[in-house]
Every structure is written in structure tokens, then in C-alpha cells.
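The values are calculated or read from the model by the stated rules, or taken from the named source; none is laboratory data. Being a predicted model, the structure only gives us computed values, none of them experimental. Note that we place each Cβ from the backbone using ideal geometry, even for glycine, and neighbour counts take in every protein chain shown. The protein model used for the area step is the full one, side chains on, heavy atoms only, and it has no ligands, DNA or RNA in it. Shrake-Rupley method; radii C 1.70, N 1.55, O 1.52, S 1.80 Å.
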Amino acid sequence: MNNKLNNRNIFSIKLFWQSFRQLKIIGLISAAIMLLITGLPIIMEGINITNNIKAVKPAGDASLSTVQDYTSIVYPSSATAVLIIVFAFITPVLALYCWSFLNKRSTSDFYHSLSYKRQCLFFSKFAAITAWQIIIMAVTFLCSFICYHIFKDYFIVDYATNFRIYIAQFLCALLCSAGIALACSITGNIFSNICLTGLILFLPRFILLLANSTINNSYVLASSKHFMPLLDNSYNMLTSQVLYAFEGGIITTYDISDMWLSGIANVYTLVLAIIYIAIACVLFTIRKSETAGKPALSWKLQFAIRCAIGYTISIFGIFVYVQLSKDTNSYGEPAAMYVIIAFLIAAVVVIIYELISSKKLHRVLKAIPSIIAAYVLAIISGFLLNAGINNMTAYRANADNIDYIKLEMRSNYYSSSTRDYFENVIKNLKITDKDTIKLITDVYNNNSENLDSLTNMSYYSRNSVEYTTYEVYFKEGITGKYRKVFLKESDVLKLADLLTKVDEFCKEYKNLPDYDSANVSFSDYILPEKQRDIYNMMLDEINNVSFADYYNLISSSRQGSRISNTAYVNIAFTRNGTPYSATIRITDLTPKTTESPTTGFNTKFTDCNDTVTPKDEVNLRNKPSVTDADSVVVATAKKGELFTRTGYNTEVGWSRVIYNGQTLYCVTSLLSIQ
């Protein structure tokens with residue numbers, strides 16, 4: 001029975017367990033590191049909040065008086081900085097160590113002489129790597145769950161969405177280990193293992209990203225997010241996260257956040273990993289022990305690797321040439337100079353690679369054909385890219401032929417950890433209204449006719465000052481096209497008026513989260529036990545006002561970076577894993593909320609004339625509020641100092657005092673009447 005179990009054609013439990021144990025030191029150390037860097041920050045923050053709450057009353061400031069003031073939303077993206085370690089560092093170490101036997105002739109001969117089918121050997125070892133990846137991910141998730149649960153009063157956590165993030169990052173780790181397995185199956189030393197892994201995982205996406213960047217710099221109406229069907233930058237989750245660090249203008253924080261929760265991106269990454277695994281298994285099966293210590297399985301493969309390295313560098317110069325050839329305002333060195341420099345660097349790098357990988361000087365001459373092939377491929381790519389840009393520039397949208405459009409506001413000039421909810425409500429809506437389609441197509445066609453004017457504008461003016469930028473998807477027939485559209489203020493007002501007729505848009509615009517699902521803060525101090533009632537009262541009033549009035553209210557709330565001289569409510573929350581923020585002004589459209597005696601929006605004081613002194617130490621503010629941006633601490637009164645109280649409010653707990661000739665405000669509970 002045991003003999004049959006350990007000689008299966010596909011998988012051997014015994015061989016799997018042996019490989020699993022070989023990796024246990026790396027796996028256990030990795031798990032311990034992940035536990036430490038996951039749990040320690042949460043525990044320290046929780047302890048810090050607990051200590052601050054205990055110490056707040058002696059400080060005399062109501063801004064730190066309740067747990068609610070410290071409650072924060074844990075955004076799913078917060079786990080990424082930790083999880084990226086799994087596929088960027090831990091997985092490469094596990095995989096390279098597991099397959100390291102292929103780089104030595106003696107160990108390679110030993111494993112190939114075992115009474116296992118090659119497929120069995122491959123899948124058993126790959127399963128051992130995957131098992132450790134799962135264990136490390138599971139331990140990390142469990143650690144974060146326990147730590148957040150211990151301090152559940154301080155953190156609002158969407159565990160379901162967080163779990164989806166962990167699944168997405170596991171798929172990234174799986175793709176990484178698949179790429180390494182493929183590279184190790186056809187190379188015979190550690191240097192070649194690493195170089196080929198980089199080419200397999202990153203070269204295709206790197207070329208696409210470089211092409212996308214060139215297109216965006218050459219044609220301002222090109223979509224910065226969407227490139228080509230199935231080649232979208234956000235589909236391959238592993239490379240998108242790595243390349244995001246180098247080109248945040250094309251792959252933004254928001255794109256990364258959407259990618260983790262995208263079913264298409266998850267399936268794409270999984271399918272790509274399976275393809276790599278299948279190819280790696282086939283190549284591993286036909287691999288010979290003689291490959292150990294050599295740079296590649298055959299001279300043809302070595303030629304392809306050299307060609308890929310040379311092409312990667314050469315394409316830089318070609319794409320710069322294409323971009324400069326379309327820039328009428330270019331100056332400096334001629335565009336051809338960049339091509340020459342890139343070609344020279346490519347030749348040097350390929351020769352150095354050949355020397356390091358083969359360790360034989362005479363093999364330098366064999367690198368020349370691959371260098372020439374790299375030049376030819378780069379030049380062909382340049383011609384194709386130039387033709388693609390010309391085709392994009394010639395496109396004009398016809399409203400009669402468009403089935404629907406999708407809009408997404410883009411603002412790359414400013415960055416924030418959260419999205420404005422009201423700006424992004426429209427993102428997932430398919431707009432079929434003909435008047436709206438006509439408006440957007442007319443604006444796009446006008447942009448196309450005035451392309452030179454837009455191109456010559458500064459990035460800041462084009463994206464933030466004179467225009468509002470939208471990414472638009474024109475669904476036309478079987479396929480569709482993504483384009484940027486720059487709307488003037490008058491066009492934005494027209495669009496807003498048309499959108500009020502879209503029922504789904506109106507519904508989502510008012511679809512604010514409930515109190516327990518959000519982090520709600522008020523511009524004025526409200527007793528903690530009253531905050532839920534006030535927020536729910538505001539939601540009820542919002543649902544009863546007309547959409548046109550509500551839309552105007554929100555539009556005015558979003559003017560400027562700060563709302564002055566008016567009360568408001570800030571709402572931070574996540575929906576489907578995406579972090580959002582919303583700001584709503586408290587006006588006569590919400591009269592019950594405004595006039596409620598339990599709010600500080602219209603704080604009314606009962607006149608008095610008392611001599612008071614602080615119980616310990618108290619902060620005195622220019623406004624009876626701790627969340628209003630205009631409310632600042634003017635002075636600090638110490639225990640024993642006497643001053644006059646001229647008014648108090650028993651509902652919100654504030655007192656009005658005269659201190660050094662100034663009218664200031666402080667929390668009543670921190671004063672003693674003499």
C-alpha cells in the first residue's frame with residue numbers, strides 16, 4: 001500500500017511531507033515575522049488609545065473624552081504593506097530553496113534517480129511551497145483578527161473584505177512561485193534563476209506599462225488606467241503592485257484597491273499562475289541533469305533570454321523616440337540620440353549577463369545575434385506603437401452608435417487615502433440616457449479638435465484648474481473604448497443636471513452608511529450618547545428632501561478643502577472594500593438636526609455670573625467645539641486660577657467664560673464653582 005502511495009504518477013504524500021519539512025525553518029521564521037509585524041502595531045495602537053483615554057481628563061480637553069473619538073476604520077489596503085512581504089520576499093526564498101537541487105549536478109542526479117515520475121516530483125515539491133504560503137497567510141489573518149477583536153471598541157473592521165484581500169494576495173504569491181518554478185525548470189544556476197524569473201513575471205507587463213506611459217504622454221485623451229482588453233494594467237495583481245511603486249500616475253492607489261476586489265483580476269492572476277505551473281511541469285519533465293550549473297536548458301533558450309534582456313533596454317530608446325517625434329515643442333538632443341544610447345546600454349548589459357551566467361569569455365561573440373534580434377524587435381514595436389497612437393487620435397465618438405457610457409472622475413494631481421463618495425457614485429453606472437451620451441461625446445469630440453491646445457496646457461491646469469477630468473468608457477457595438485474627457489465648469493453643470501434624471505444615480509447618492517458602519521465626526525461637540533440619534537435624524541431628513549436640493553447641498557459641501565462658518569458632518573466608511581469619505585453641511589434643509597438642543601450646531605447658553613476654577617487643568621477655546629477646524633485652543637487655565645463664567649449649556653456640556661478679557665469656551669465638567 002505504502003509503495004503504491006509513494007509512487008503515484010502525479011503526487012506523493014511522502015515526497016510532499018519531506019519537502020514540507022525541508023522548508024520548515026524558512027516557513028516557521030517567516031510565520032513568526034508575519035505575526036510580529038502584523039500583531040505588534042495593532043496591539044501598540046490599542047494600548048496607546050487606552051492610555052490616552054485614561055489620561056484625557058487631566059488634560060482637560062473634551063476632544064479626547066470618549067472611545068468614539070478614537071474609533072477608526074481599518075481600510076483593507078492597510079494589510080497590503082504587510083502581505084506584500086509574502087510574495088515579494090518569503091515566496092522567492094521558499095521557492096528558490098526548494099528548487100535549488102536543480103542547480104547542482106549531484107543533487108539533480110539524485111532526485112532524478114528516485115522512483116517517482118517527474119510530474120510527481122514537480123507537483124509534490126510545488127505543493128509543499130504552496131502549503132507554507134497558505135499557512136503563513138492563515139496565521140497572519142488569524143493574528144490580525146484576534147488583535148482587532150481585542151480592541152474592537154477602537155477599530156471598525158470589515159473582516160469579509162479583508163479576507164478577500166488575503167485571497168488576492170495569496171494568488172499573487174502563487175503566481176510568484178509559479179514563475180520561479182518555471183525559471184528554475186529551464187535554468188541551471190541561481191543567477192539565471194533570478195534573472196529569468198524577473199523576465200517571466202515582469203517583462204510583459206513592464207513593456208505594456210511603458211507603452212501605456214508613452215501613449216499617455218503623446219495623446220492626452222488616452223486613458224491612463226485602461227490600455228487594451230485582457231491587457232489592462234490592473235488584471236495582473238502581482239506585477240501591478242510592484243510596478244505601482246515606479247509609475248503611480250498610471251496605476252494609482254485607487255486602481256490597486258479596486259484590483260484586489262475585482263473578480264476578473266483574481267481569475268486572471270489565478271489562470272496565469274496555472275498556465276505557468278503547467279508549462280513549468282512540462283519543461284521540468286524533459287529537463288536533463290546536465291542543465292545543472294548551466295545558464296539555460298539549451299542554446300535556443302539562452303538566445304531568447306539574451307534577446308529579452310536586450311529588448312527590454314532597447315525599447316526605452318525607441319518609445320522615447322516615438323514620444324518626442326509627436327511633441328512639437330520638444331527641445332534638446334535629437335530623438336535619435338536616445339535610441340543610440342539605449343542600444344549601446346542594451347549591448348553592454350547583454351554581454352555582462354552572458355559573462356556572468358556562462359563564466360566563459362569566448363561566449364561573448366554568441367551574444368551578438370541576440371543583440372541584433374533585440375534591436376529589430378524594438379524597432380518593430382516602435383512602428384506598431386506609432387500606428388496605434390495615430391489610430392487612437394483619429395477616433396471620433398458618434399452618440400447614435402453608442403449603447404451606453406460609464407464615467408469615472410479622475411484626479412491625479414491630488415492624492416488621498418479615501419475617495420470622495422459623491423464623486424465616485426457614478427463610477428459603476430451604465431448610463432443609457434441619450435442626452436447624457438450626447439453631451440459627453442460632444443465634449444470628447446471638441447477635445448479631439450482642440451488637441452493641440454490641451455496638449456500645450458500644464459498638467460495642473462488641464463487636470464485641476466480649468467477642467468474636470470473623467471475617464472469615459474464608450475460602449476460601441478461588441479467592444480468599447482476608454483478615453484479621457486476634459487469638462488469645463490459649464491459642461492459639469494450640464495452633466496449634473498442630466499444625472500439628476502438617472503434614478504439609480506439619485507438612489508446611490510443618498511445611500512449613506514448607518515452609524516455603526518462608519519466613523520462619524522461632527523464639527524461641533526455633541527454628547528457621545530446623543531451622536532447616534534443626531535446622525536440618524538440627519539439621514540431621515542436627507543431622505544425626505546428633493547434630490548435637486550440635496551445635490552446642491554452636497555456640491556456646496558465639496559467646495560474648497562475646508563468648510564468654514566458652517567456646521568458639518570464628516571463620514572468615513574468602506575463599501576465593497578473601497579474607502580470613502582463624505583462631508584455634509586448642516587443647513588436649513590435639515591432643520592430638525594440644526595435646531596436639536598442636543599447638538600452643538602447652534603449652541604445656546606443660559607446666562608450666569610459664576611466664579612469658577614479648573615478642577616485640574618483645562619483648555620479654553622475660541623469656539624464651543626473640538627472638531628470644528630476653526631476651533632483652536634487659545635489658553636490653558638490651571639487649577640487655582642479664578643475667572644468668570646457668563647453662560648452654560650447643560651445639553652452639550654459647554655461653558656462660556658471670560659479669561660484675561662477674552663470670551664472663551666470650555667467643558668463644564670472640568671470646572672468647579674467657587
For a quick check of understanding: with a 1.4 angstrom probe and all protein chains in place, what accessible area in square angstrom does E408 have, to the nearest ten? 20
Quick check on packing: order 494-504, 266-276 by the mean number of other C-beta atoms within 10 Å, highest mean leading. 266-276, 494-504
Take the Cα of K427, step 7 Å along the line toward its Cβ, and report every residue of the stretch 148-180 whose backbone nitrogen sits under 12 Å from that point. none
Tell me whether the stretch 138-224 comes out rounded, prolate or oblate; compute the Cα gyration tensor, take square roots of the eigenvalues as a ≥ b ≥ c, and use a/c under 1.5 as the rounded threshold. oblate
Between L142 and N609, take the C-beta separation as r, use R0 = 51 Å, and let me know the FRET efficiency to the nearest 0.05. 0.25
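At 1.4 Å probe size, put F191, F505 in order of accessible surface, largest to smallest.
From most accessible down to least: F191, F505.
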FRET efficiency for A81 and V271, Cβ-Cβ distance as r, R0 = 25 Å, nearest 0.05? 0.40
From the square roots a ≥ b ≥ c of the eigenvalues of the alpha-carbon gyration tensor of the stretch 113-168, which class results: rounded (a/c under 1.5), prolate (a/b over b/c), or oblate? prolate
If I take R0 = 35 Å and measure r between the Cβ atoms of I264 and A548 in this structure, what FRET efficiency does the formula 1/(1 + (r/R0)^6) give, to the nearest 0.05? 0.45
L142 accessible area, nearest 10 Å², 1.4 Å probe? 100
In Å, what Kirkwood hydrodynamic radius results for the stretch 257-414 from the alpha-carbon pair distances? 20.0
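On a full-extension model of 0.36 nm per residue, what is the gain between N9 and L114, subtracting their alpha-carbon distance, rounded to one decimal in nm?
Going from the current span to full extension adds 36.6 nm.
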Could you name the lysines in cross-link range of K475, using Cα to Cα under 16 Å and dropping any fewer than eight places away on the same chain? K406, K427, K430, K434, K438, K484
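One quarter of the convex hull surface, Cα atoms only: what value does that give for the stretch 298-389 in nm²?
6.3
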Going from most exposed to least, what order do E489, E541 have by accessible area with a 1.4 Å probe? E489, E541
Using a 1.4 Å probe and ignoring any ligands, DNA or RNA, find the accessible area of H112 and quote it in Å² to the nearest 10. 40
Largest first, what is the accessible-area ranking of K507, K615 with a 1.4 Å probe? K507, K615
Looking only at lysines whose Cα falls under 29 Å of K117's and that sit 8 or more positions away or on another chain, we get K4, K14, K24, K104, K125, K288, K294, K300
